[in-house]
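Following: one structure in structure tokens, then a few remarks.
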Amino acid sequence: MLEDISALGVCVQVEEPIPPGTAISISLTNGETVLFPGHVSYCIYREYGYFIGIRFDGETRWSSGVFEPRHLTSLQDLLPKPVLH
């Protein structure tokens, strides 16, 4: 399960641990499939699963123009709205 995504990597929740340094590719589909190769940078167990950080390889970068998760929170939407007087 995708937990977080940034230009340089992702955090995903998985059921089994994956050791740091492991080569891995994330396949994201939103109309079309995009492959993001990388390496596991950390693996932490939290109450309900393993959270792994994956740093993308080389020039691989994520942007919302390439793929936008359905549950992505917009930071703009979290800013207070101006009050008009």
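Brief remarks follow.
Conditions tested, residue by residue: (1) among the hydrophobic types (A, V, I, L, M, F, W, C); (2) open to solvent by 50 Å² or more (accessible area, probe 1.4 Å); (3) on the phi < 0 side of the Ramachandran plot.
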{"residue": "Leu2", "(1), (2), (3)": "yes, no, yes"}
{"residue": "Glu15", "(1), (2), (3)": "no, yes, yes"}
{"residue": "Pro19", "(1), (2), (3)": "no, yes, yes"}
{"residue": "Ala23", "(1), (2), (3)": "yes, yes, yes"}
{"residue": "Ile26", "(1), (2), (3)": "yes, no, yes"}
{"residue": "Thr29", "(1), (2), (3)": "no, yes, yes"}
{"residue": "Leu35", "(1), (2), (3)": "yes, yes, yes"}
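- Taking every residue in the range 51-62 that is under 17 Å from Gln13 (Cβ atoms) and pairing it with any residue that is part of a loop (DSSP other than H, G, I, E, B) and open to solvent by less than 50 Å² (accessible area, probe 1.4 Å), at least 6 positions away or on another chain, the pairs with Cβ-Cβ distances below 7 Å are Ile52/Ile18.
- Taking the chain and the strands (runs of 3 or more DSSP E) fully enclosed by it, the elements with 2 or more residues that are at pLDDT 85 or above and in contact with a Pro (Cβ under 6 Å, 6 or more places away or on another chain) are at 33-46.
The values are calculated or read from the model by the stated rules, or taken from the named source; none is laboratory data. This structure is a prediction, so every number in the text was calculated from the model and none was measured. Cβ atoms come from the backbone with ideal geometry, glycine included; neighbour counts cover every protein chain shown. Ligands, DNA and RNA are excluded from the accessible area calculation, which covers all protein heavy atoms including side chains. Shrake-Rupley method; radii C 1.70, N 1.55, O 1.52, S 1.80 Å.
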